[in-house]
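Each remark here refers to the structure printed beneath this line.
Please treat every number below as a calculation from the coordinates, not as lab data. Please read all numbers here as calculations on a predicted model, not as lab measurements. Note that each Cβ is placed from the backbone with ideal geometry, even for glycine, and that neighbours are counted across all protein chains shown.
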Amino acid sequence: MKPKYNMTLEQNIFVAKRNIVDYIYKSARLEGLGVTYPDTEAIFNGMSAPGVRVTDIIAVNNLKHAWQFLLDTLEPPLDYAYLCKLNQLVGGGNLIYNAGYIRALPVSIGGTSWKPALPVEEDIKARLNESRGIENATERAIDIMLYCMRGQFFLDGNKRTAMLAANKEMIANGQGIITIPVEFISGFTPLLIQYYETGEPDAVRAFVYDNCIDGMNL
């Protein structure tokens, strides 16, 4: 899996900051939040967004804070504690019950009858540590993202948390940003569900690589 972009850390941070509202908007839409791009931009800039639900406003602000945290902490390795911190930020303001802690309750996933097993802390730690052996940073980031999405480690916000974790790896290595364009959500979702049900990531991994990596050749 050849990297699509090869930027310096500073260049990748520049790209992330330049397009951060767009990335937040796309992440919100992937999770089914009812916000438009202008709504997201207004919320990001601390302005009012008439007609937007309070919970959606909180969710957008939480993504803003999570992205700020990510960009300020690119040096530490992605580990279990960092993953939990991302979910805590994503679920702040009482948006997600027990945000930042792995779930102890079963969950269901829309679009499939498949149910993920209860997460085990030591298994997550071991798997994240194992992922460091994937030399290619783009491949490693996509692997981490899909693993975290399928694991459903938290009661909510798993896709947002997983994408943030993946983008920590991408940006720290100058490889761009993983973001699911709104027009590709309808193609991504059934492949993700297929991966949930089968555990075979090849199709959704290829889709993400082909359609969902943003960046600039500076």
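See the values below:
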item: Gain on full stretching of the segment that runs from E130 to Y97 - 0.36 nm per residue minus C-alpha separation; result: 9.0 nm
item: Between region 39-72 and region 153-181, the alpha-carbon center distance in angstrom; result: 17 Å
item: Overall Cα dimensions of region 25-110 - principal axes, largest extent first, Å; result: 37, 34, 20
item: Using θ = phi - 60° and Karplus 6.51 cos²θ - 1.76 cosθ + 1.60, couplings along region 109-114 (whole Hz; Gly, Pro as x); result: 10, x, x, 8, 8, 5
item: Extended-chain gain in nm, criterion 0.36 nm per residue less alpha-carbon gap, A203 and K17; result: 64.0 nm
item: Stretchable slack from T55 to V120, in nm (0.36 nm times residue separation minus alpha-carbon distance); result: 20.5 nm
item: Label-point separation, V107 to T8 (7 Å along Cα→Cβ), nm; result: 3.9 nm
item: Directionally averaged projected area (convex hull, Cα atoms, region 9-212), nm²; result: 10.7 nm²
item: 10 Å Cβ shell holding at most 15 others, DSSP loop, trypsin sites (Lys or Arg not before Pro): longest site-free stretch of the chain; result: 133-218
item: FRET efficiency for N211 and A81, using Cβ-Cβ distance with R0 set to 35 Å, rounded to 0.05; result: 0.65
item: Candidates G187, G174, G111, ranked by Gaussian network fluctuation over the chain, Cα under 10 Å, top entry; result: G111
item: GNM flexibility winner over the chain from T198, T40, T55 (Cα, springs under 10 Å); result: T198
item: DSSP H segments from the chain that extend 18 Å or more along their own axis, Cα-based, with Kyte-Doolittle mean of -0.5 or above; result: 54-72, 137-151, 158-172, 185-198
item: Relative contact order computed over region 9-212 (Cα-Cα under 8 Å; 6+ residues apart), in percent; result: 23 percent
item: Residues T36, T138 arranged by fewest to most Cβ contacts within 10 Å; result: T36, T138
